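*Asks:* Input: one structure, supplied below.
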Amino acid sequence: MSIQIEHLSYAYRLPSGEKVEALKEITCTIATGDFVGIMGPTGSGKTTLLQLIAGLRRPTGGRIRLNGKDINAHGYNRNLLRQMVGVVFQEPENQLFATTVEKDVAFGLKYSGLSRPEITARVQWALETMGFDFEKIRNQSPLALSGGEKRRVAIAGVLATKPQILLFDEPIAGLDPYSRQHFLHFVTKINQAGTTIIMVSHNMEALAEYTRHLLVLAQGRLIDSGPTREVFIRLKQKHSGAFGQTEAQKITTLLAKNKLVLPAAVVTYDDLLSALKQELAGGGPG
Amino acid sequence: MRMLPTGEYIPGHSFLHRLDARVKLPCFFILMAAVIGAASLWGYVLVVAVIAVLILLSGLPLPAAVASVRRIYGFLLVIFLMNALFFGGEDVLASWGIVQLSRGGMEQGFRVVGNVVLILVLGNLLTMTTLPTQVTAALASLIKPLKFIGVPTEEVAMILSIAIQFIPTLMEETELIKMAQIARGARFESRKLPERAASFIPLVVPVFISAFRRAEELALAMEARGYRNAQNRTRRKKEPLALRDYGALTVCTLICLVQFLLRRC
Amino acid sequence: MTKMSAVQRAVFTAVCIGLCVVLPMAFHAIPNAGVIFSPMHIPVLLCGLICGWPFGLLCGLAGPLLSSLITGMPPMAYLPSMLIELATYGLVSGLMINLVNTKKLYADLYISLVVALLAGRIVAGIAKALIFAAGKYTLAAWVTSYFITLWPGLVIQLILIPTLVVALMKARLIPERYPVQG
C-alpha cells in the first residue's frame with residue numbers, strides 16, 4: 001500500500017474573504033511498510049496533511065494515490081478506504097461513546113462485512129494487542145476507565161479494522177515516559193508486521209530513534225524529506241536546528257561551543273556515546 | 001468550513017461597525033418590526049430603501065450581505081408555494097381538490113417571503129458588523145433592567161460570556177470528533193428513524209462529554225480561586241454611547257413610526 | 001442532580017449554550033441532519049434536566065439567540081418561535097425532573113422529556129397562532145404542522161438524551177440520580 005502525494009494543496013476561505021493556504025504543493029512518496037515521521041512547527045499543516053491522506057478532507061489541488069489509485073476520484077470505494085487507513089487523532093480517548101468497551105472497539109467493523117463471531121475475534125485481538133484482558137474489559141463502560149486505559153481502548157478501536165496504513169497525530173504528547181516507551185514499542189511491532197506508519201510528533205528523540213524517513217513541514221510547505229538521520233543532519237546544518245533537533249544534537253552544539261568538537265553525524269544518544277568514546281579513547285576522528 | 005471565534009464577523013471601520021452594539025441590537029428589533037408592519041407597496045419601498053442605505057453604511061460587499069438568502073432559496077420557494085396554494089383567499093385562479101391557487105395566496109406568499117428575506121439581510125448586517133463578544137456584552141447590558149424583577153443579571157452575563165469563550169474550543173473539538181468517527185466508518189444515514197437517530201450517538205456523546213469535562217475543569221478552577229457569586233466580579237468600565245448611537249436609535253424609531261402611520265393610509 | 005454547586009450549574013449551562021451555537025454548524029455539513037430535528041434541542045433539554053429549570057430556561061432563551069446573532073442559524077425570522085419553544089423545553093424539563101420520582105432513571109427521563117416536548121410544541125403553537133399569524137392559522141394547519149413534525153423529533157430526543165445522561169453519569173461528570181447504595 002504505497003502512498004503517492006502529488007502537488008497536494010489545501011486552501012480555504014475565511015468569512016472575511018481572506019484565503020488561507022494550509023498546504024502548498026506537497027509532493028512525496030511513502031513506500032509500503034515504511035515508518036515515516038512528520039515534524040514541523042505548530043500550524044505548519046501536519047494535521048491537515050494526515051486528514052487529507054485519510055480521505056477526511058478533499059484537496060483543493062493535486063492528488064493522493066494509494067497503490068496508484070486517486071482516493072478522491074469518482075467511484076473510489078470510500079468504505080474500503082476507511083478500513084484500510086486508520087487514524088488516531090490527538091487525545092483519542094475523546095472519541096469513546098459506547099456503553100461497553102466491546103461495542104466501542106467493534107464500531108469500526110460495522111460495515112466491514114465480517115460475521116458476528118469474526119467481529120468478536122477481531123475485537124479480542126485488538127484489545128489484547130493493547131495489553132488488555134479481554135474478558136475483564138469487554139463489558140466495562142469505556143467512559144469510566146482511567147485516562148491511560150481509555151487511550152488504549154481508543155487505539156484498539158482503530159486497530160480492529162486491521163488497517164494497512166496507520167496515521168498517528170501526536171500520539172505520545174502528554175504521556176509519561178513509561179507509557180511513551182510502551183507505545184513506541186507497540187508501534188514498532190505493528191510496523192514490523194507490515195503496517196505503514198505515519199506519525200506526527202514533536203518528540204525529536206521518538207522521531208530520531210524509531211522512524212526511517214522524515215517529512216519536515218513549515219508554513220504548509222515540505223521543506224525537507226528523506227531518511228531520518230540525513231534529514232536531522234541537514235536541518236542542523238542549514239537551519240541550526242530551528243525546525244527541531246534531538247537532545248544529542250543539542251549536546252553536540254554545546255560541547256562544540258566549549259571547544260570539544262564531535263563529528264556532525266551525531267543524531268541519537270547512541271551516536272553521541274560512540275563519538276564521546278572515540279574522543280576519550282584517542283581524540284579526533286579516524 | 002472552519003468557523004472563527006468571530007462567527008460571521010467581517011472586520012471593517014464602517015459606520016455600522018462603529019455603532020455601539022447596545023444600540024445595534026434594539027435598532028435591529030425595531031427595524032424588524034418595521035418590516036413586519038409593512039402593509040402596502042409604499043411600506044415595502046420604505047424598508048427596502050432603508051436596508052439599501054444600511055448596506056452602503058456597512059461597507060460590506062453586496063454579495064456578502066445577501067449570501068445567506070441564496071442558501072435558503074429552496075426553503076423560500078416552499079413557503080411561497082404553501083401560501084399561494086393553501087391560503088384559501090379570494091380570487092381563486094385554479095383549483096385541484098384541496099389545493100387552491102389564489103391571488104390572495106400569492107400576495108401573501110410574496111409578503112412572507114419578502115419579510116423573511118429582508119429580516120435575513122438585516123440580521124446579516126448585524127452579525128457581520130458586530131463581534132460575538134460585543135454581542136454578549138450588549139445583551140448583558142440590555143438585560144440589566146430585569147434585575148428589578150429578580151433576575152440575577154450578573155450571573156446571566158457571566159454565563160453568556162463563558163459560553164462565548166467556549167465556542168471556538170467546542171467548534172474545534174466537534175470537528176475533530178466528527179472526523180475521527182467518520183474515519184472509523186461512521187455513517188449518518190439510514191432509512192429507519194430510530195437507526196438514524198442512533199447513528200448520531202458516536203458524534204453527540206463524545207462532544208458532550210468533552211464539553212462537560214472542560215466545564216467541570218473551569219468550575220473547579222473558579223471555586224478554587226474563591227469565586228462565590230457573580231456580583232463581586234471586577235468589571236471593565238462601560239463606554240458611554242456616542243452621538244451617532246443616539247442618532248441611529250432615533251432614526252430607526254422614526255422609521256418604524258412612519259411605517260405604522262403608513263398602515264393607516 | 002441537585003448535588004451540583006451553583007458554579008457547576010452555571011458553567012454547565014454556559015457550555016450548553018455554546019453547544020447550541022456549535023452543534024447546528026457541525027450538523028449542517030451532514031446531509032439531511034438538520035432537517036429532521038434541530039440539534040439545538042439537545043443541549044437545551046439536557047441543561048434543563050441536569051441543572052434545573054432556571055438554567056434550562058436561560059439556555060432555551062440564550063442558545064438560539066446567540067446562535068442567530070453569531071452564526072445566522074436559525075435565521076432571525078424564525079427566532080421568536082424558536083425562542084418560545086426552546087425556552088419552554090428548558091423550563092418544563094427542569095420542572096418535571098424535579099417533580100417526577102419513579103426511582104428509575106429512564107422512566108424519569110422519558111416522562112420529563114415527553115411532557116417537555118409536548119408543552120414546548122403547544123406553547124409555541126399557541127404563540128404562533130396568536131402573535132405571528134393572527135387569525136390566519138386554521139386548526140388543521142396547526143395540528144398538521146405541530147403534531148406530525150413532533151413525532152420524529154420526539155423519537156430522536158428519547159433515544160439521544162437518556163444515552164447522553166447515562167454517558168455523563170458514567171464519566172462521573174454529573175452526579176448519579178439514584179446512586180447504587182453499598
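What follows is calculated from the coordinates using simple rules that are stated; it is not laboratory data. Because the structure is a prediction, the values reported are computed rather than measured. Cβ atoms come from the backbone with ideal geometry, glycine included; neighbour counts cover every protein chain shown.
*Asks:* Over all residues in C:63-69, what is the mean tally of Cβ atoms on other chains that come within 10 Å of each residue's Cβ?
*Replies:* 5
*Asks:* How do A:269, B:246, B:73, A:10 line up, fewest other C-beta atoms within 10 Å first?
*Replies:* B:73, B:246, A:269, A:10
*Asks:* Quick one, could you list the DSSP H helices from chain B stretching 30 Å or more along their long axis (Cα atoms) with average Kyte-Doolittle hydropathy of -1.0 or above?
*Replies:* B:103-129, B:153-183, B:201-224, B:243-264
*Asks:* Listed highest first by mean packing, meaning other Cβ atoms within 10 Å per residue, what order do A:222-232, A:109-119, B:125-135, B:41-51 come in?
*Replies:* My ranking of the peptides, most packed first, is B:125-135, A:222-232, B:41-51, A:109-119.
*Asks:* Could you run the Karplus curve 6.51 cos²θ - 1.76 cosθ + 1.60 with θ = phi - 60° over segment A:169-186 and give me ³J(HN,Hα) per residue in whole Hz, x for Gly and Pro?
*Replies:* Each residue of segment A:169-186 in turn: 9, 6, x, 9, 4, x, 8, 6, x, 5, 5, 4, 4, 4, 5, 5, 4, 5 Hz.
*Asks:* Something else about it: Which one of B:21, B:163, B:198 has the biggest mean-square fluctuation once chain B is modelled by GNM with Cα springs under 10 Å?
*Replies:* Among B:21, B:163, B:198, the largest GNM mean-square fluctuation belongs to B:198.
*Asks:* Principal axis lengths of chain A from Cα atoms, whole Å, largest first?
*Replies:* 66, 50, 36
*Asks:* Under 20 Å Cα-Cα from residue B:147, which aspartates and glutamates qualify once same-chain neighbours fewer than 8 residues away are excluded?
*Replies:* Partners within reach: B:155.
*Asks:* What does the charge count around residue B:27 come to, taking other residues whose C-beta lies under 14 Å from its C-beta (Lys +1, Arg +1, Asp -1, Glu -1)?
*Replies:* Combined, the nearby Lys, Arg, Asp and Glu give +2.
*Asks:* Another question, if that's okay. When every alpha-carbon pair in segment B:132-234 is counted, what percent end up more than 18 Å apart?
*Replies:* Every Cα pair in segment B:132-234 considered, those over 18 Å come to 63 percent.
*Asks:* Considering only C-alpha atoms, what is the centroid distance from segment A:172-229 to segment A:8-38, in Å?
*Replies:* Answer, in whole Å: 18.
*Asks:* So for chain B, what are the equivalent ellipsoid semi-axes in whole Å, largest first, each being the square root of 5 times an eigenvalue of the Cα gyration tensor?
*Replies:* 38, 31, 18
*Asks:* When A:60, A:47 are ordered from fewest to most other Cβ atoms inside 10 Å of their Cβ, what list results?
*Replies:* Ranking A:60, A:47 by Cβ neighbours within 10 Å, fewest first, gives A:60, A:47.
*Asks:* Let me know the charge dipole size of the protein assembly as shown about its Cα centre in debye, to the nearest 20, where only the beta-carbon of Lys, Arg (+1) and Asp, Glu (-1) is charged.
*Replies:* In total the dipole reaches around 680 debye.
*Asks:* Along Cα→Cβ, 7 Å out, is where each label goes; now give me the distance between the ones at residue B:243 and residue A:20 in nm to one decimal.
*Replies:* 4.1 nm
*Asks:* For segment A:1-156, what's the radius of gyration and Dmax over Cα atoms, in angstrom?
*Replies:* Every Cα atom of segment A:1-156 included, Rg and Dmax give 18.3, 55 Å.
*Asks:* Return the sequence-ordered ³J(HN,Hα) values of segment C:117-127 in whole Hz as given by the Karplus equation 6.51 cos²θ - 1.76 cosθ + 1.60 applied to θ = phi - 60°, using x for Gly and Pro.
*Replies:* 5, 4, 4, x, 5, 5, 4, 5, x, 4, 4
*Asks:* Take every residue in peptide C:157-164, count the Cβ atoms of other chains within 10 Å of its Cβ, and give the average of those counts.
*Replies:* 5
*Asks:* Same structure, new question: Over the Cα atoms of the protein assembly as shown, what radius of gyration and what Dmax do you get, in Å?
*Replies:* 29.5, 109
*Asks:* If you take the charge dipole of chain A about its Cα centre, with +1 on Lys and Arg Cβ and -1 on Asp and Glu Cβ, which of A:216, A:278, A:262 is farthest toward its positive end?
*Replies:* A:216
*Asks:* Additional query: Of A:24/A:250; A:110/B:192; A:150/C:3; A:19/B:24, which sit over 21 Å apart, Cα to Cα?
*Replies:* A:24/A:250; A:150/C:3; A:19/B:24
*Asks:* Using the Karplus curve 6.51 cos²θ - 1.76 cosθ + 1.60 with θ = phi - 60°, work out ³J(HN,Hα) for each residue of segment C:62-76 in order, rounded to whole Hz, and write x for Gly and Pro.
*Replies:* 6, x, x, 4, 5, 4, 5, 6, 9, 10, x, 10, x, x, 3
*Asks:* Going by C-beta contacts inside 10 Å, put A:210, C:178 in order with the fewest on the left.
*Replies:* Ascending Cβ contact count within 10 Å gives the list C:178, A:210.
*Asks:* Divide, for segment A:118-183, the radius of gyration over alpha carbons by 2.2 N^0.38 Å, where N is the residue count.
*Replies:* So segment A:118-183 has a normalised radius of gyration of 1.13.
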